[in-house]
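So the structure is just underneath, and the comments pick up after that.
Every number here is computed from the coordinates shown, using simple stated rules; none is lab data. This one's a predicted model, so the numbers in the text were calculated from it and none came from an experiment. For neighbour counting, all protein chains shown are included, and Cβ atoms are generated from backbone atoms with ideal geometry for every residue, glycine included.
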């Protein structure tokens, strides 16, 4: 060993950055945990306060809808993110924030439509557009959180299903438009066992059991499964995966439900 080299002179690689929107929800928290465990420095964002014990490098309490409708709030939010990223770039952008406003053809109003499209469709576009230089700098990847409702839906999900179908279409179109600059893919989960889902079935365990049973696997998904898939989509060993909308549905998307 000479005097100019040695173990003490080696520089440890800098952990990559990931940005996760909608981080305070059940799926969002799992995404933050999985990416942090994989060695990412996570910038988590949500309009809600940070959940206790969240494993993120930074938490920004902001409303993604405001980054769509207000140029001033958008500029302020992305200035904060750029300052944190510095010259290292962004390896992963997980567009996870979403709203689910239920209503049918006769009841949905303009406000419900605009909020749904702002959060579920336009925010993923503008966040990707604005962070594109940082993503390119780090050879980054985008994951949009779509839904099984992009293809299969049910009564009173008109606005939500439309926004998710558009998000999956946006994913494919942006992949074609961006080419090799930044990879972009989507996940289309079916029912996932979050606290919000559990609350929706409070006092109705038999209905939850029926929901689990209707999936060919006999259960619903977990937030950790969604998060692990998101991590797989951004890792380098899947570099040919681009413009894909990956179903995570326990087989329910292949099941035919007849009355007999």
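Remarks
- Coordinate range along principal axes, alpha carbons of the range 117-237, Å, largest first: 50, 31, 22
- Of the three principal axes defined by the Cα atoms of the range 147-210, the extents in descending order read 49, 21, 16 Å.
- Extended-chain gain in nm, criterion 0.36 nm per residue less alpha-carbon gap, residue 72 and residue 237: 55.5 nm
- Between helix 26-37 and the chain: long-axis angle, C-alpha atoms, 0 to 90°, nearest 10: 20 degrees
- Placing a label point 7 Å from the Cα of residue 109 along the Cα-to-Cβ direction, the residues of the range 150-186 whose backbone N falls under 18 Å of that point are 158-160.
- Angle in degrees between helix 71-85 and the longest Cα principal axis of the chain, rounded to the nearest 10: 50 degrees
- Tilt relative to the chain, helix 123-137 - C-alpha long axis, 0 to 90 degrees, to 10: 20 degrees
- Calculated P(r) tail over 15 Å for the range 213-260, as whole % of Cα pairs: 57 percent
- Residue exposure sequence - 194, 222, 107 - by fewest surrounding Cβ within 10 Å: 107, 222, 194
- Rg/Rh for the chain, where both radii come from Cα atoms and Rh is the Kirkwood radius: 1.01
- As a proxy for reagent exposure, ranking 119, 176 by other Cβ atoms within 10 Å from fewest up yields 176, 119.
- With 0.36 nm allotted per residue and the present C-alpha distance subtracted, the residue 84-residue 217 stretch has 43.7 nm of extension available.
- Cα-Cα P(r), the range 1-154, percent of pairs per 10 Å interval: 10, 36, 31, 14, 6, 2, 1, 0
- The simple Förster model, with R0 at 41 Å and r as the Cβ-Cβ distance, assigns residue 206 and residue 228 a FRET efficiency of 0.85.
- Based on Cα contacts under 8 Å between residues 6+ apart, the chain shows a relative contact order of 18 percent.
- What the Kirkwood sum gives for the range 11-84 is a hydrodynamic radius of 12.7 Å, with every pair of different alpha carbons counted.
- Residue separation of residue 195 and residue 258 scaled by 0.36 nm, minus their Cα-Cα distance, works out to 19.6 nm of gained length.
- Residues 145, 54, 196, 174, sorted so that the one with the fewest Cβ neighbours within 10 Å comes first: 196, 54, 174, 145
- Between the range 144-187 and the range 19-43, the alpha-carbon center distance in angstrom: 20 Å
- The smallest convex shape that holds all Cα atoms of the range 93-136, its convex hull, gives 60 Å³ per residue.
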